[in-house]
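So the structure is just underneath, and the comments pick up after that.
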Amino acid sequence: MTVAERPVEQERSIQDRTLKRLTGDMEITSKSAFEIHELIEKGLDYQGIAKFVSSFHDDYNKELVSKMMGMSERTLYRRAKNPAPLTPEQGSRAWRFAEILVKAEDIFIDPEEAERWMRTPAMGLEGRKPIDLITTQVGYELVDDFLTRLDYGVYT
């Protein structure tokens, strides 16, 4: 199914699945973008992030998440012992990472393939890895646009 065929509900579903991934709460009800903004501002719960990190298929991906969160793996480990809500900046970075991963899973179908894609240089991103670009808002937009082009079958 291409983006053009995708119903509006599925676009909303991306937001819902991203929220569920980051909170670890599969029963969470749909929230508006404003409610999600407020949730990130107040601080996403570290336990949800820890559950998200543990869902990855290999330890290397935990390194990717620590990079996206702006924390070393050691700091992530320490935070697990003494969990505190994420700062708004950390929450925003986690949101961008999770949202791109959810979108990549829609395109690649296989979650492991989506994770692998995140750390593979892409011709359409000037040979850069998506994970290296989504540390900034501008880079996030480049990767998001590239995923849309992949979905439409435009690879460069």
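Read-outs throughout are calculated quantities, based only on the coordinates presented, and are distinct from any laboratory measurement. On a predicted model such as this, the values are computed, not experimentally measured, just so you know. Note: ideal-geometry Cβ built from the backbone for every residue, glycine included; neighbour counts use all protein chains shown.
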Check: Hey, can you rank 43-51, 83-91 by average C-beta count inside 10 Å, highest first?
Finding: 43-51, 83-91
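Give me the extension gain from Arg74 to Glu89: residue separation times 0.36 nm, minus the current Cα-Cα distance, reported in nm with one decimal.
Between Arg74 and Glu89, full extension yields 3.5 nm more.
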Item checked: Efficiency of FRET between Ser13 and Thr136 - r from beta-carbon atoms, R0 22 angstrom, step 0.05 -> 0.25
Next item on the list: At 7 Å along the Cα-to-beta-carbon direction for both Lys42 and Glu126, put a label point, then send me their distance in nm to one decimal.
Entry: 4.0 nm
Margin query: Just to be sure I follow: if Rg is taken over the C-alpha atoms of region 60-131 and Rh is the Kirkwood radius over the same atoms, what is Rg/Rh?
Written below: 1.02
Check: Based on Cα positions only, what radius of gyration and what Dmax would you give for region 3-152, in angstroms?
Finding: 14.8, 45
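Would you mind checking Lys42/Lys67; Lys20/Lys67; Lys42/Lys103; Lys81/Lys129 for any pair whose Cα atoms are more than 29 angstrom apart?
Numbers: Lys42/Lys67 22 Å; Lys20/Lys67 21 Å; Lys42/Lys103 25 Å; Lys81/Lys129 31 Å.
Those over the limit are Lys81/Lys129.
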Notebook entry, point to check: Quick one: if you stick a label point 7 Å off each Cα along the C-beta vector at Phe108 and Val154, how many nm between them?
Noted result: 2.2 nm
Next item on the list: Please give the helix 59-69 orientation as an angle from the longest Cα principal axis of the chain, in degrees from 0 to 90, rounded to the nearest 10.
Entry: 80 degrees
Item checked: Charge-dipole axis of region 3-152 as Lys and Arg at +1 and Asp and Glu at -1 on Cβ define it, positive-most pick from Pro130, Ala98, Leu76 -> Leu76
Next item on the list: Would you calculate the separation in nanometres between label points at His57 and Glu35, each defined as 7 Å from the Cα along the Cα-to-beta-carbon direction?
Entry: 3.3 nm
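Size of the dipole of the chain about the Cα centre, Lys and Arg at +1 and Asp and Glu at -1 on the beta carbon, nothing else charged, in debye to 20? Write out the running numbers ahead of the final one.
On the way: 22 positive and 28 negative charges, 130 e Å.
Dipole magnitude for the chain comes out near 620 debye.
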Note to self: Nearest 10 degrees is fine. How inclined is helix 8-23 to the longest principal axis of the chain, computing both from alpha carbons?
What the structure shows: 30 degrees
